[in-house]
Structure formats: C-alpha cells, structure tokens
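To start, the structure under review is shown below, and the notes come after it.
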Amino acid sequence: MRFTVAIDGPAAAGKGTISRAVAAKFGFAYLDTGSLYRAVGVKALEVGRGVIDPVVAAQLAGNLSQTDLDRDDLRTAMAGQAASKVAALPEVRAALLEIQKTYARRDGGAVLDGRDIGTVICPEAEVKIYVTASDEIRAARRHKELVQGKPELTVAQVLDDLRARDDRDAARDIAPMKPAGDALVLDTTELSIDEAVDRAIRAIQARTT
Ligand code: DC
C-alpha cells in the first residue's frame with residue numbers, strides 16, 4: 001500500500017511532533033527531510049572551515065551516510081542556518097531528490113516533513129498538511145528546546161534566527177517553502193500538541209476510510 005503524508009511548514013511550527021505522532025498512529029515510516037539538509041550543512045561548514053562551498057556541498061549531499069545523519073549536533077541553530085543555506089543550492093536539492101521521492105512512495109505508507117514535500121517531492125501525496133504558527137509562538141517553543149544546552153540564549157535571538165531562515169527558505173528560486181494548493185493549513189498557534197495531532201489524524205482518516 002502506498003500512502004504519503006506530506007507535512008510542510010516553517011521552522012519550529014510543530015511539523016516533527018505531528019509527523020512522529022501520525023507515523024506512530026498509522027504505522028507509517030517517517031523521514032525528517034530537514035535532517036538531510038542539516039547533515040549536509042554542518043559537514044560543508046566543517047570541510048570549508050566555516051565557509052560553504054556549493055560544489056563541496058553537492059558532493060556531500062550525494063554521499064550522505066547514516067553516521068552523518070546520526071550526529072548529535074544537527075539540532076543547533078548553526079546547523080539550521082547552514083541547512084537553510086545549502087538548501088538554496090540547486091545541486092544539493094538535486095542530489096537529495098531521488099532518495100526522498102523513493103521514500104515517499106515506499107510500501108506501507110510514509111510521512112515526510114520539510115518545506116517542499118507537497119509541492120516538489122510528492123505532489124501526488126494522499127494528504128498534504130502545511131503546519132504553521134505565529135513567529136512568537138514558534139520562537140518560544142524552539143527556545144525551550146535549545147536553552148537547555150545553551151542557557152544564555154534569548155527568545156529574541158531565536159526569533160531572529162527563525163525569521164532569517166524562513167525568509168531564505170521562502171524566497172529561494174528552487175523549491176521555495178510554500179503550501180501546496182491542495183494542502184490543509186494547520187495553524188498551531190492556539191492549539192495544544194494533542195489538538196494539532198488530532199486534526200492531522202482526522203485529515204488522514206478522511207482519506208483512508
Ligand atoms: O526542518 P528543519 O528546520 O530541520 O530544516 C532545516 C533547513 O533545511 C530549513 O531551514 C530549510 C531546509 N529544508 C528544505 O529546504 N527542504 C526540506 N524539505 C527540508 C528542509
């Protein structure tokens with residue numbers, strides 16, 4: 001059985017939480033596509049000693065290993081910015097395209113979250129959800145996650161970081177972040193995690209029953 005749930009949206013809107021819950025509920029596989037770009041971004045920074053070379057980034061994208069994806073520094077703000085930068089490079093996106101497309105149509109169902117899943121990776125997805133929330137709420141949520149490892153971090157810094165990333169992700173020429181025309185837009189600003197997950201589950205059940 002092929003069944004794809006495409007979950008897109010800006011940084012820290014709740015895509016990962018919703019995706020994991022939905023995948024567990026329906027027994028689908030889950031791919032966090034942002035981690036692919038994060039892995040390429042941090043490695044490209046390392047190789048270039050702080051400078052991202054597009055040719056190197058594309059090579060890295062074509063040769064990602066499980067070890068690259070298991071690094072424990074992929075969730076930092078620096079990794080997020082590096083990911084957003086390499087994600088604007090057409091060669092990097094091309095190198096990561098096939099693996100995502102194949103994953104999306106695997107047997108048994110798949111949930112993928114990212115920025116272009118419903119628009120580019122799997123426009124034929126059975127369910128498309130665009131998860132969003134106000135900038136302030138997203139910054140507060142992400143701050144809560146990051147401040148444990150970095151106590152000096154302020155909400156204002158996280159807000160600036162998210163906005164810079166969203167602007168770059170939405171403005172790029174290739175596969176910009178945007179809702180697919182037929183996506184359900186799920187604004188989680190005033191929703192609890194359970195409520196947001198419940199709405200996503202209902203959208204999927206509407207297509208499966
Ligand atoms: O979902 P995330 O915050 O981990 O993603 C990190 C960056 O990777 C994001 O700022 C843009 C990029 N990205 C992308 O361009 N396309 C995707 N499908 C997923 C992530």
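Tabulated results
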read-out: Test: residue in the stretch 46-53 that is of a type in the set (Val, Ile, Thr), at pLDDT 95 or above, within 18 Å of the chain's Cα centre (by Cα) and over 25 Å from Arg142 (Cα atoms); value: no
read-out: Enumerated helices (runs of 4 or more DSSP H) restricted to the stretch 1-73, each holding at least 2 residues that are of a type in the set (A, V, I, L, M, F, W, C) and under 27 Å from Gln148 (Cα atoms); value: 15-26, 33-47
read-out: For Leu184: the one exception among (1) away from the ligand (no atom under 11 Å from the Cβ); (2) in contact with a Pro (Cβ under 9 Å, 6 or more places away or on another chain); (3) in contact (Cβ under 8 Å) with a residue 40 or more places away in the chain; value: (2)
read-out: Verdict on Val40 being more than 10 Å from the ligand (Cβ to nearest atom), farther than 23 Å from Ala23 by Cβ and out of contact with any Phe, Trp or Tyr (no Cβ under 8 Å at 6 or more places or on another chain); value: no
read-out: Flag if Arg71 is more than 30 Å from Val158 (Cβ to Cβ) and more than 12 Å from the ligand (Cβ to nearest atom); value: no
read-out: Strands (runs of 3 or more DSSP E) lying entirely in the stretch 83-197 (those with 2 or more residues that are touching an Asp or Glu at 6+ places or on another chain (Cβ under 9 Å)); value: 110-114, 127-132
read-out: Of all residues making up the stretch 99-140, the number that are of a type outside the set (A, V, I, L, M, F, W, C), under 15 Å from Phe26 (Cβ atoms) and touching a Ser or Thr at 6+ places or on another chain (Cβ under 8 Å); value: 3
read-out: Candidate set: the stretch 90-110, residues that are within 13 Å of the ligand (Cβ to nearest atom) and touching a residue at least 40 places away in the same chain (Cβ under 8 Å); chosen: the one farthest from the chain's Cα centre (by Cα); value: Pro90
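The values are calculated or read from the model by the stated rules, or taken from the named source; none is laboratory data. Bear in mind that the values here come from a model prediction, so they are computed numbers and not experimental data. Heads up, the Cβs are rebuilt from the backbone with ideal geometry, glycines too, and the neighbour counts pull from every protein chain shown.
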